[in-house]
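What follows is one structure encoded as structure tokens, with my remarks underneath.
Nothing in this text is a laboratory measurement; each read-out follows from the coordinates by a stated rule. Here the structure is a predicted model, which means the values were calculated and not measured. Positions of Cβ are generated from backbone atoms using ideal geometry, with glycine treated the same way; all protein chains shown enter the neighbour counts.
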Amino acid sequence: GSAVLGLGDIKGLAGLPVMEGKAVLFQELGDVSAMPLCLKTQIPDEIIEIVLLLQNSFSGINLEDIKAPRCFEVENKLIEKAEIPIFHDDQHGTAVVVLSALLNALHLAGKKIEDVKIVFSGAGAAAIAVCKLILAVGAKNIIMFDIDGAIYKGREQNNFAHEEIAKYTNLDCFKGNIKEGIKNADVFIGLSAPNLLSEEMVK
């Protein structure tokens, strides 16, 4: 409940309707029985301990709505320690969908992923996961932006996840804002606040 889509940090109980909806999607679209468990904690070690204690009762765990960078710590430790599959919807689910859309768009535009300039608005859990996946399929020229501007190696505001992704993105160490950085870009991926992309920026 620390990062509910469009609502932010509304806590576990308020996030329950989102989880109930997700359980319905699992059942209807994947024929997978799912149960929403909204935890009354936002402490990573407590979340990890609860999941590990519950794992005998489930075939897999779908993490949801945990704020970055906490979500990376929770996911990484659970993948390491759990005996069942661990999936983080905000990261892995979003990444698969965005990659599909990107590959289709590039096909229609007659462009190759290794040749295009890609600009991200946002550098949270979803954005970093999307970035990692499109890097894995061949993207070479990516600049990510957050509220503090372009992300680059050694930036003062970086958390550990930003510093890690900066090893593979913004290789020219661009330090400006998104309005400047989007010039000559082929692709814009918006995974942050709304209404950041202006008509002027598109032109």
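Expressed as an acute angle from 0 to 90° and rounded to the nearest 10, what is the orientation of the C-alpha long axis of helix 44-54 relative to the principal long axis of the chain? So the inclination is approximately 50 degrees. Percent of Cα pairs in the stretch 1-102 per distance bin of 5 Å, from zero to the largest separation: 2, 12, 22, 26, 23, 11, 3, 0. The tail of the calculated P(r) for the stretch 127-203 beyond 14 Å holds 61 percent of all Cα-Cα pairs. Within the listed set Q55, Q27, Q157, the Gaussian network model of the chain (springs between alpha-carbon atoms below 10 Å) gives the highest mean-square fluctuation for Q27.
Over the chain, dividing the summed -39,500 (n - 2.57) contributions of all DSSP H runs of at least 4 residues by the number of residues returns a 222 nm mean residue ellipticity of -12000 deg cm²/dmol. This model, with +1 at the C-beta of Lys and Arg and -1 at the C-beta of Asp and Glu, gives the chain a dipole about its Cα centre of some 580 debye. Within the chain, DSSP assigns beta bridges of which about 20% are antiparallel (rounded to the nearest 5). Of the residues G30, G93, G21, the one that moves most in a GNM of the chain with alpha-carbon contacts below 10 Å is G30. Which residues does the label zone of L25 cover in the stretch 109-147, counting backbone N under 19 Å from a point 7 Å along Cα→Cβ? Label zone hits: 124-131, 133.
Taken over the alpha carbons of the stretch 59-116 as equal point scatterers, the Debye sum produces base-10 log I(q)/I(0) values at 0.28, 0.29, 0.30 Å⁻¹ of -1.08, -1.13, -1.18.
When only DSSP loop residues count, what trypsin sites (Lys or Arg not before Pro) in the stretch 28-120 have their Cβ near at most 15 other Cβ atoms within 10 Å?
Loop-located and lightly packed - K40, K111, K112.
Dimensions of the chain along the principal axes, based on C-alpha atoms and rounded to the nearest Å, stand at 51, 39, 30, largest first. Of A109, A82, A127, the residue with the greatest mean-square motion in the GNM of the chain, using alpha carbon springs below 10 Å, is A109. The share of alpha-carbon pairs in the stretch 46-156 lying farther apart than 20 Å comes to 50%.
Exceeding 21 Å between C-alpha atoms, which entries from my cross-link table qualify? They are K77/K153; K140/K167; K117/K153. In this structure, K77/K153 exceed 21 Å between Cα atoms.
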